[in-house]
Each structure stands twice: as structure tokens, then as C-alpha cells.
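One structure below.
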Amino acid sequence: MAREVSAITGSAVTPVAAKAAQSGADSIEITLTAKEECPLYCGRVVRGVNAGAATPRWMIQRLERSGLRSISAIVDVTNYVMIELGQPLHAFDLQQIAGGINVRFAQAGERIKLLNDHEIALTPDFLVIADHAKPLALAGIMGGAASGG
């Protein structure tokens, strides 16, 4: 946003120096097989999340106004951040991930059940977020029901 304001007003942009987050003991391997289509993919292991927490009513209303339905507090938070920042975001249940994460194209014959309960057959032109065994999400589109947080 600062760059846009700078372009409109002709003022200089002063970058903010940001420190890299410290890695904890928990990590997961991320591989970018489709580097041209997805040059950067970041992840973070977060522990101690209450998966049964209720989504606040104000957040449900804001999601509904944006055309999204409430699914669960974890999914709702990621959708809310996505709407606010314009950046796709998904939470995975670490216990449901086999090995690491790989951003790749789908393999012929793979299937995925999405968070909207639709199961689709994937073709090699779908970009997916996968683990070592299966697709977990359609990259930038929607997370899978089985791996969702």
C-alpha cells in the first residue's frame, strides 16, 4: 500500500526494516516443484490452537458480507486475513500431513474433497499444495477438507 501511495503522491517510500521470525524447534519441509507458478510458499507450525473455539459473531458477519460462509474458527481466521490482505492463506492440521509440503501440479487421477464438501477430479493443470502422499489444497483457491485446520 505504501508503494501505491508513493506512486500517486510522488513521495519517497521508506522501507521498514523487519527482522526474520525465529524458527522454533517445530518445522516442516517445503518444496517448490512448480517454482515458476509459485516462487514463494511459507509455512509456520503453531501449537496450542483450540480447534473447537467458536468464531466471533462479528467475524462471521464480515465473512458473510464478503460472500463466504463460516466453517470453523481456524478456517474463518484464515479467510478473514485473506480478504483483508488479498493473500491466499490456509491452515493445515499438522497431524494430517504426510512428510513435508510440496507445491506442484496435480497428477492425473488425483482427487480432493474441498472445504465446501465438493470432491473434484484433478488434472495436471491444477496447481496444488500437497504432502508426500496426496493433495491438501488447490493452490490459492480452497483448502482440502481432510487436512484443514
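The values are calculated or read from the model by the stated rules, or taken from the named source; none is laboratory data. All values reported here derive from a predicted model rather than from experimental measurement. Note: ideal-geometry Cβ built from the backbone for every residue, glycine included; neighbour counts use all protein chains shown. Please note that ligands, DNA and RNA were not included when accessible areas were found on the heavy atoms of the full protein model with its side chains. Shrake-Rupley method; radii C 1.70, N 1.55, O 1.52, S 1.80 Å.
Filtering the range 103-120 down to residues that are in a strand (DSSP E or B) and open to solvent by less than 30 Å² (accessible area, probe 1.4 Å), which residue is nearest to SER27 (Cα to Cα)? Walk me through how you get there before you give the answer.
To start, the set of residues in the range 103-120 that are in a strand (DSSP E or B) comprises 103-105, 111-114, 119-120.
Retained after the next criterion (residues that are open to solvent by less than 30 Å² (accessible area, probe 1.4 Å)): 103-104, 112, 114.
Working: VAL103: 17, ARG104: 20, ILE112: 25, LEU114: 25 Å.
So, considering only residues that are in a strand (DSSP E or B) and open to solvent by less than 30 Å² (accessible area, probe 1.4 Å), the one nearest to SER27 (Cα to Cα) is VAL103.
Quick check on the range 62-82. Is at least one of its residues in a loop (DSSP other than H, G, I, E, B), within 19 Å of ALA145 (Cα to Cα) and aliphatic (A, V, I, L, M)?
Within the range 62-82 (the criterion being in a loop (DSSP other than H, G, I, E, B), within 19 Å of ALA145 (Cα to Cα) and aliphatic (A, V, I, L, M)), the answer is yes, since at least one residue qualifies.
So LYS35 ticks every box in (1) closer than 26 Å to ALA98 by Cβ; (2) at pLDDT below 90; (3) open to solvent by 70 Å² or more (accessible area, probe 1.4 Å) but one. Which box is left unticked?
(2)
If I ask for residues that are under 18 Å from LEU89 (Cβ atoms) and over 17 Å from the mean Cα position of the chain (by Cα), which ones from the range 57-68 would you list? Spell out how you get there, then give the answer.
So the first thing to find is which residues in the range 57-68 are under 18 Å from LEU89 (Cβ atoms), and the list is 59-60, 62-63, 66-68.
Scanning the range 57-68 gives MET59, ILE60, ARG62, SER66, GLY67.
Name the residue that is most open to solvent (accessible area, probe 1.4 Å), counting only residues in the range 121-143 that are in a loop (DSSP other than H, G, I, E, B) and closer than 18 Å to ILE71 by Cβ. Walk me through it before giving the result.
Within the range 121-143, the first condition is being in a loop (DSSP other than H, G, I, E, B), and the residues that meet it are 122-126, 131-134, 139-141.
Filter once more, keeping what is closer than 18 Å to ILE71 by Cβ: 140-141.
Values: GLY140: 52, ILE141: 125 Å².
If we take residues in the range 121-143 being in a loop (DSSP other than H, G, I, E, B) and closer than 18 Å to ILE71 by Cβ, then ILE141 is most open to solvent (accessible area, probe 1.4 Å).
Mind listing whichever residues of the range 1-20 are open to solvent by less than 100 Å² (accessible area, probe 1.4 Å) and at pLDDT 75 or above?
Residues satisfying the conditions are VAL5, SER6, ALA7, THR9, GLY10, SER11, ALA12, VAL13.
Name the single residue that is least open to solvent (accessible area, probe 1.4 Å) among those in the range 47-80 being in contact (Cβ under 8 Å) with a residue 40 or more places away in the chain and not hydroxyl-bearing (Ser, Thr, Tyr). First the steps, then the outcome.
Going through the range 47-80, the residues in contact (Cβ under 8 Å) with a residue 40 or more places away in the chain turn out to be 49, 51, 71-72, 74-75, 78.
In the following step, the residues that additionally are not hydroxyl-bearing (Ser, Thr, Tyr) were identified as 49, 51, 71, 74-75.
On the way: VAL49: 85, ALA51: 69, ILE71: 70, ILE74: 36, VAL75: 9 Å².
Restricting to residues being in contact (Cβ under 8 Å) with a residue 40 or more places away in the chain and not hydroxyl-bearing (Ser, Thr, Tyr), the top hit is VAL75.
Report yes if ALA98 is open to solvent by less than 70 Å² (accessible area, probe 1.4 Å) and in a strand (DSSP E or B), otherwise no. Steps first, please.
On the way: open to solvent by less than 70 Å² (accessible area, probe 1.4 Å): yes; in a strand (DSSP E or B): no.
For ALA98, the condition - open to solvent by less than 70 Å² (accessible area, probe 1.4 Å) and in a strand (DSSP E or B) - is not met.
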